[in-house]
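S.K.: Got a structure for you, questions after.
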Amino acid sequence: MKKALKIIVGLGLLIALIFVLKYFKDSNSKSVEDFKTAEPFYDSINIKIVATGKLNPEEEIELKPQIAGIIDKILVEEGDIVKKGDVIAKIRVVPNEQSLVGANGQISSAKLAYNNSKTIYDRNKSLFDKGVISRQDFENSELALNQSNETLRQAQNNYQIIKRGSLSGGGSANTNIIALIPGTILEIPVREGDQVIESNNFNAGTTIATIADMSKMIFEGKVDEAEVGKLEEGKDIKVVLGAIGEKEFPAKLTFVAPKGNEVNGAVQFTIKADVEVESSTKIRAGYSANAEIEMESKDSIMVIKESLLQFNRITEKPFVEIEKGEGEFEKVNVELGLSDGINVEITDGVKEGDKIKVWNKASKEDNDDED
């Protein structure tokens, strides 16, 4: 009985020992991490500033009337191409009753003055012919007659302008609004029958139409204060229009604002550039555009993906892990050059053919434990 009990206890201890050994073996064994690797390669890196803005005509003018009235006829449409001197619209003058009465009174006064000067002239001429008065007195009366005649003529012209809008034509004569430059009609903010106000020293006047030369375009955009110090006027840049299939146009930077403006908490500076537009390309004013300004570039340099970099938490120096054997990696400090946010130049620490660990969350935790 005792012998059987000892055998049973021994078997139990043996089984327990086997389970304990298996537990320690499983707990101490670590699965081998299988990391992917990537090699450095040669590529080009371009560092550029991107400014957002719009494309607008360099020369754009607003046509305004020189006399108040009503739009009688509009002869063009938005988008039409016009030449200098083309008639854009016609205005029918609606005379002011008070102004007409005042002008008519001036004519009456001028007529009275003329008739009086004519009477004096006729009398003095008769006396001069008889030798009663001197030539000086006769010439003075002749001058007064001519002056009164000119005053009468001017009063009649003023009345004509107030009533008809011009010195020629009938009672419904029109005042023509003509194009002052060749170009494209961008906007016609008025319609036939609208009342318009003349442009003068006290009033900007009603805009009849806006004309621009679409062959001369400028880009106007904004750049951040951190980048404006790198810009120089006269630099060649590219302007990209998304509205016409990301088409690129060469341009030259012509203006960098000396003063910035705060926009949404950030200080931004206005820049302008002359854009070379092909005659075959149909450009519209106000297109959104991006200006790409290349600041620095290098060709055929050794680079790696920026995502392969790791940084020491204490020194903040960059390093990578290079494969030295199967499943074994070694930390190597690296020196960095240009970066475009995707690829980064490696100037020291990595050579061609090195296999760099594509680190993931697990490897990062291991790296933190080692640090």
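The values are calculated or read from the model by the stated rules, or taken from the named source; none is laboratory data. Please read all numbers here as calculations on a predicted model, not as lab measurements. Don't worry about glycine lacking a Cβ; one is built from the backbone with ideal geometry, like all the others, and counts go over all protein chains shown. The area values use the complete protein model at the heavy-atom level, side chains included, leaving out ligands, DNA and RNA. Shrake-Rupley method; radii C 1.70, N 1.55, O 1.52, S 1.80 Å.
S.K.: Identify, please: which residue in the stretch 355-371 is closer than 15 Å to residue 310 by Cβ and at pLDDT 85 or above and is, among those, most open to solvent (accessible area, probe 1.4 Å)?
M.R.: Narrowing the stretch 355-371 to residues closer than 15 Å to residue 310 by Cβ: 356-371.
Checking the rest, the ones that are also at pLDDT 85 or above come to 356-358.
Details: 356: 0, 357: 15, 358: 61 Å².
Ranking the candidates gives 358 first.
S.K.: So which residues in the stretch 190-211 are open to solvent by less than 60 Å² (accessible area, probe 1.4 Å), of a type in the set (S, T, N, Q) and either in a loop (DSSP other than H, G, I, E, B) or in contact with a Ser or Thr (Cβ under 8 Å, 6 or more places away or on another chain) (or both)?
M.R.: 199, 206, 207 - these are the residues of the stretch 190-211 that are open to solvent by less than 60 Å² (accessible area, probe 1.4 Å), of a type in the set (S, T, N, Q) and either in a loop (DSSP other than H, G, I, E, B) or in contact with a Ser or Thr (Cβ under 8 Å, 6 or more places away or on another chain) (or both).
S.K.: State all residues of the stretch 290-308 that are surrounded by fewer than 10 Cβ atoms within 10 Å (Cβ to Cβ) and hydroxyl-bearing (Ser, Thr, Tyr); if no residue qualifies, say none.
M.R.: Taking the stretch 290-308 first, the residues surrounded by fewer than 10 Cβ atoms within 10 Å (Cβ to Cβ) are 299-300.
The answer is 300, and nothing else.
S.K.: Out of (1) of a type in the set (D, E, K, R); (2) at pLDDT 90 or above; (3) more than 27 Å from the chain's Cα centre (by Cα), what's the single condition that is false for residue 62?
M.R.: (3)
S.K.: To continue, here is another question. Mind listing whichever residues of the stretch 257-287 are of a type in the set (Val, Ile, Thr), in contact with a Gly (Cβ under 7 Å, 6 or more places away or on another chain) and surrounded by 17 or more Cβ atoms within 10 Å (Cβ to Cβ)? Please lay out each step first, then the result.
M.R.: Taking the stretch 257-287 and keeping what is of a type in the set (Val, Ile, Thr), we get 263, 267, 270-271, 275, 277, 281, 283.
Applying the additional criterion that residues be in contact with a Gly (Cβ under 7 Å, 6 or more places away or on another chain) yields 267, 271.
Across the stretch 257-287, the qualifying residue is only 271.
S.K.: Out of the residues in the stretch 282-301 that are among the polar types (S, T, N, Q) and within 10 Å of the chain's Cα centre (by Cα), state the one that is farthest from residue 271 (Cα to Cα). Outline the logic, then answer.
M.R.: So the first thing to find is which residues in the stretch 282-301 are among the polar types (S, T, N, Q), and the list is 288, 290, 297, 300.
Narrowing the set further to residues that are within 10 Å of the chain's Cα centre (by Cα) leaves 288, 290.
Numbers: 288: 15, 290: 12 Å.
Taking the candidates together, the pick is 288.
S.K.: Please verify whether residue 223 is more than 30 Å from residue 270 (Cβ to Cβ) and surrounded by 20 or more Cβ atoms within 10 Å (Cβ to Cβ), treating the condition exactly as stated. Walk me through how you get there before you give the answer.
M.R.: Details: more than 30 Å from residue 270 (Cβ to Cβ): no; surrounded by 20 or more Cβ atoms within 10 Å (Cβ to Cβ): yes.
Spelling it out, it is not the case that residue 223 is more than 30 Å from residue 270 (Cβ to Cβ) and surrounded by 20 or more Cβ atoms within 10 Å (Cβ to Cβ).
S.K.: (1) out of contact with any strand residue (DSSP E or B) (no Cβ under 7 Å at 6 or more places or on another chain); (2) of a type outside the set (Val, Ile, Thr); (3) open to solvent by 90 Å² or more (accessible area, probe 1.4 Å): which one isn't true of residue 311, the others all being true?
M.R.: Condition (1) is where residue 311 drops out.
S.K.: Residues in the stretch 58-67 that are open to solvent by 20 Å² or more (accessible area, probe 1.4 Å) and assigned to a strand (DSSP E or B): how many? Reasoning before the result, please.
M.R.: Looking only at the stretch 58-67, we keep the residues that are open to solvent by 20 Å² or more (accessible area, probe 1.4 Å), and these are 58-62, 64, 66-67.
Imposing the further condition that a residue be assigned to a strand (DSSP E or B) reduces the set to 60-62.
Going through the stretch 58-67 one residue at a time, the tally reaches 3.
S.K.: Could I ask something else about it? Go through the residues of the stretch 68-77 one by one and say whether even a single one is within 31 Å of the chain's Cα centre (by Cα), of a type in the set (Asp, Glu) and surrounded by 16 or more Cβ atoms within 10 Å (Cβ to Cβ).
M.R.: Scanning the stretch 68-77, I find no residue that is within 31 Å of the chain's Cα centre (by Cα), of a type in the set (Asp, Glu) and surrounded by 16 or more Cβ atoms within 10 Å (Cβ to Cβ), so the answer is no.
For every residue, the table says whether it meets (1) assigned to a strand (DSSP E or B); (2) more than 26 Å from residue 216 (Cα to Cα).
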| site | (1), (2) |
| --- | --- |
| 52 | yes, no |
| 56 | yes, no |
| 70 | yes, yes |
| 73 | yes, yes |
| 85 | no, no |
| 91 | yes, yes |
| 94 | no, yes |
| 99 | no, yes |
| 102 | no, yes |
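S.K.: What's the number of the only condition in (1) farther than 30 Å from residue 87 by Cα; (2) surrounded by fewer than 16 Cβ atoms within 10 Å (Cβ to Cβ); (3) at pLDDT 85 or above that residue 145 fails to meet?
M.R.: Unmet condition: (2).
S.K.: Residue under question is residue 254, and the condition is that it be open to solvent by 30 Å² or more (accessible area, probe 1.4 Å), modelled with pLDDT of 90 or more and among the hydroxyl-bearing types (Ser, Thr, Tyr); does it hold?
M.R.: On the way: open to solvent by 30 Å² or more (accessible area, probe 1.4 Å): yes; modelled with pLDDT of 90 or more: yes; among the hydroxyl-bearing types (Ser, Thr, Tyr): yes.
For residue 254, the condition - open to solvent by 30 Å² or more (accessible area, probe 1.4 Å), modelled with pLDDT of 90 or more and among the hydroxyl-bearing types (Ser, Thr, Tyr) - is met.
S.K.: Name the strands (runs of 3 or more DSSP E) wholly within the stretch 212-293 that hold at least 1 residues that are in contact (Cβ under 8 Å) with a residue 40 or more places away in the chain, among the polar types (S, T, N, Q) and closer than 16 Å to residue 49 by Cα?
M.R.: On the way: elements: 217-224, 236-241, 247-256, 261-263, 266-275.
In the stretch 212-293, 266-275 are the strands (runs of 3 or more DSSP E) which contain 1 or more residues that are in contact (Cβ under 8 Å) with a residue 40 or more places away in the chain, among the polar types (S, T, N, Q) and closer than 16 Å to residue 49 by Cα.
S.K.: Within the stretch 89-142, track down each residue that is open to solvent by less than 60 Å² (accessible area, probe 1.4 Å), touching a Lys or Arg at 6+ places or on another chain (Cβ under 7 Å) and either within 30 Å of residue 78 (Cβ to Cβ) or modelled with pLDDT of 90 or more (or both).
M.R.: Within the stretch 89-142, 89, 93 qualify.
S.K.: Can you find, within the stretch 172-189, the residue that is modelled with the lowest pLDDT among those that are open to solvent by 60 Å² or more (accessible area, probe 1.4 Å) and either in contact with a helix residue (DSSP H, G or I) (Cβ under 9 Å, 6 or more places away or on another chain) or β-branched (Val, Ile, Thr) (or both)?
M.R.: Here the answer is 172.
S.K.: Another question, if that's okay. If a residue has to be over 14 Å from residue 359 (Cα atoms) and open to solvent by 80 Å² or more (accessible area, probe 1.4 Å) to count, how many in the stretch 316-346 make the cut?
M.R.: Looking only at that region, the number is 7.
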